[in-house]
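Each value in this text was obtained by applying a stated rule to the coordinates, not by laboratory testing. As the structure is a prediction and not an experimental result, all values here were calculated from the model. Virtual Cβ from ideal backbone geometry, glycine too; neighbours counted across all protein chains shown.
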There are 2 protein chains.
Amino acid sequence: MPARCRAEAVTPCKSFDLAAYLEKSASAVNRALDAFLPKATVKPVTIHRAMRYSLFAGGKRMRPALCLAAAEACGGRRAEAMPLACAVECIHTYSLIHDDLPAMDNDDLRRGKPTNHKVFGEGIAVLAGDALLTQAFEIAAQCRGWPCYSHRDIVLELARASGSLQLVGGQVADLEAEGKSISKSQLRYIHERKTSALLCCSVRLGGMSANCTPRQLVALTDFGYHVGLAFQVIDDILDVTQTSQQLGKTAGKDTAVQKATYPAIVGLDRSRRIAAELTQLAFEALAPFRGRAQALEAIAQYVLRRDR
Amino acid sequence: MPARCRAEAVTPCKSFDLAAYLEKSASAVNRALDAFLPKATVKPVTIHRAMRYSLFAGGKRMRPALCLAAAEACGGRRAEAMPLACAVECIHTYSLIHDDLPAMDNDDLRRGKPTNHKVFGEGIAVLAGDALLTQAFEIAAQCRGWPCYSHRDIVLELARASGSLQLVGGQVADLEAEGKSISKSQLRYIHERKTSALLCCSVRLGGMSANCTPRQLVALTDFGYHVGLAFQVIDDILDVTQTSQQLGKTAGKDTAVQKATYPAIVGLDRSRRIAAELTQLAFEALAPFRGRAQALEAIAQYVLRRDR
């Protein structure tokens, strides 16, 4: 009943079992990541233990799920998208390890466990992040290829979403905004880069692995952009409303370091409305898929309603 | 007179003006890097200033020179190899920024200037390294392609040389060996990864950009491996014999942190002999080029005889 799902927008689509979908896709992603990464017994053992510690720390695998769901929406097969889903997760995990460092967000807790540098020390944590970023490109390059998009397209997509103009640029702008009063548009600039860029890249790569049409790629870009922004607005809200135990990471951190967030700038109620509007825009972007994007719709719903 | 050059092995080849060659190639590499990187005025300004600070801090551009010289030895054009030469230099610079961090080698001086984290702070230095590593893959992916090697081959080559089994793995093993007594074979394991892997990758990529034959690629690999090891043995020697002013970085650092080095394990004289033997092996590897590898020969000479 995809049409009904879209019409009701932010009402969950009862016909789609998202929990089962996410569990199945996370299991498949975990198996693939385990196969792509050097085993923890490979020398130098420390770096492979550190890489695997954060990669298998119980992440929700939201970006890989979006990548796989986008591939399916375009009529593609999960196996074709899997290396790209894994590459994106490696980049996401590297960015968390580096963001948690004392010189950045200085966080002790991530996904309910001590952060990488608390376990392995700062030097190894920096290197584990470096190695995961590099591993992402190795994984993307070593897969066998796709019909309409080249390795060149795929690597460029990954590199641009992760570089100084997007993911890294967002973290820089976020660091620099701490303790300062910034406008809503400056906050959106940060969110677009820090969160939306890699989420958007995840769905685009999924589409590309399925030989998507240019029109589908535009739709996926639009969807990924808005889901990414909604994801970060909800993240800001959860930081204020949930406990550290519920989140598995340090709650109230944004307020403590005077980080610019939606709740801080426009208040909680308005933040919730903005997240719902962004999710609605994400839904509308899926129109060209005419009901073949149930998983993407359900993930967008989940992003809006999640509590951790 | 290339045959004479090879026969005399570690005697400099008088007919080749290496200083002029290195100056010309460094100028061309600097221009290309300037064109590939976002300008320092592009937002977020801090990250682009930090990336450019270390990238244009006066590096010798040894890896790009090796890449370009390898392309020429295979009959290729400099322009085809240039993006790969730049990609390798971005990876080398990122590794220096991260290695200099307080959590790793904790160095204040690099190329005669304050290290990246001393100028921009640790958080930005981590991110500048991350961005340069990512930029390397973007540069490699965005060039127009080569006749016999695909973007897939090139990206895999770069990623494998830089990842947890090579460059990053070498730095991990190096960190872990500090203050410990290790054997000569363990030290070689570190040098192969920390230095030789990326030098070897530089010459291989140069060859690949020139559509080299499999036999030429084997020869370049052999050459790069031995030049890389010689480079690191000489680095160890210079750390003991030169002043900080001569090196442009903190001299005596290896001894101060009880780092495993060739001089520490086998003494200075034996280290010098080992470096000469490795250079000789590098020379011999160039036999298949029958005199078309003058620049590579001259660079190998320079690596052995350099004083900084």
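Do any trypsin sites (Lys or Arg not before Pro) in the range B:163-196 lie in a DSSP loop with no more than 15 other beta carbon atoms within 10 Å, and if so, which?
B:Lys180
Under 15 Å from the Cβ of A:Ala79, count the other residues' Cβ atoms, weight Lys and Arg +1, Asp and Glu -1, and hand me the total.
+3
Using alpha-carbon pairs under 8 Å, 6+ residues apart, how would you state the relative contact order of chain A in percent?
24 percent
If you split all Cα-Cα distances of the range A:171-308 into 10 Å bins from zero, what percentages do you get per bin, shortest first?
12, 40, 32, 14, 2
Once you average over the residues of A:94-106, how many Cβ atoms of partner chains fall within 10 Å of each Cβ?
So the per-residue partner count for this stretch is 3.
Can you bin every Cα-Cα distance in the range B:99-248 into 10 Å intervals starting at zero and give me the percent of pairs per bin, rounded to whole numbers?
Histogramming the range B:99-248 at 10 Å steps yields 10, 31, 37, 19, 3 percent.
Rounded to the nearest 500, what is the 222 nm mean residue ellipticity of chain A from helices alone, with -39500 (n - 2.57) per DSSP H run of 4+ residues and division by all residues?
It comes out at -21500 deg cm²/dmol, rounded to the nearest 500.
What per residue convex hull volume, in Å³, comes out for the range B:16-305 when only alpha-carbon positions are used?
Taking the convex hull of the Cα positions in the range B:16-305, it is 118 Å³ per residue.
Could you tell me how far the Cα centroid of the range A:247-269 sits from the Cα centroid of the range B:254-294, in Å?
Here the answer is 55 Å between Cα centres.
Quick one: 3J(HN,Hα) in Hz for the range B:302-308, Karplus 6.51/-1.76/1.60 with θ = phi - 60°, rounded, Gly and Pro as x.
With the stated coefficients, the range B:302-308 comes to 5, 4, 6, 9, 4, 10, 7 Hz.
For a Förster distance of 35 Å, can you work out the FRET efficiency between the beta-carbons of B:Asp17 and B:Gln186, rounded to the nearest 0.05?
After rounding to 0.05, the efficiency reads 0.30.
Quick one: which residues, 5+ away or cross-chain, put their amide H under 5 Å from the amide H of B:Leu109? H built at 1.01 Å from N.
Sorted by chain and number, the residues that satisfy this are B:Thr115, B:Thr250.
State, to one decimal in nm, how far the label point of B:Val119 lies from the label point of B:Val42, with both points 7 Å from Cα in the Cβ direction.
1.8 nm
How crowded by other chains is A:118-130, given as the mean number of beta carbons from other chains within 10 Å of each beta carbon?
Whole-number average of other-chain Cβ neighbours for A:118-130 is 6.
At 7 Å along the Cα-to-beta-carbon direction for both A:Arg308 and B:Asn106, put a label point, then send me their distance in nm to one decimal.
It works out to 3.8 nm between the two label points.
What is the log10 of I(q)/I(0) for the range A:247-308, computed with the Debye formula using one identical point scatterer on each Cα and no solvent, at q = 0.12, 0.14, 0.19 Å⁻¹?
Here the Debye-derived log intensity ratios amount to -0.42, -0.54, -0.83.
What FRET efficiency, computed as 1/(1 + (r/R0)^6) with R0 = 41 Å and r the Cβ-Cβ distance, is obtained for A:Asp153 and B:Thr243, rounded to the nearest 0.05?
It comes to 0.25.
Give the separation of the Cα centroids, the range A:91-116 to the range B:177-210, in Å.
Measuring centre to centre over Cα atoms gives 30 Å.
How do B:49-55, A:259-265 rank on mean C-beta neighbours within 10 Å, highest first?
Descending packing order for the listed peptides: B:49-55, A:259-265.
What does the charge count around B:Ile91 come to, taking other residues whose C-beta lies under 11 Å from its C-beta (Lys +1, Arg +1, Asp -1, Glu -1)?
Within the 11 Å Cβ shell, the charges total -1.
Per q in 0.08, 0.10 1/Å, what log10 I(q)/I(0) does a Debye calculation on the alpha-carbon atoms of the protein assembly as shown return?
-0.57, -0.86
What list of whole percents do you get for P(r) of the range A:17-92, with Cα-Cα distances grouped in 5 Å bins up to the one holding the largest distance?
Percent of Cα pairs in each bin: 3, 16, 27, 23, 15, 9, 5, 2, 0.
Please list, or write none, the lysines whose alpha carbon is within less than 29 Å of the alpha carbon of B:Lys180, excluding same-chain residues fewer than 8 places away.
Within the straight-line cut-off, B:Lys180 pairs with A:Lys39, A:Lys43, A:Lys118, B:Lys118, B:Lys194, B:Lys249, B:Lys253, B:Lys259.
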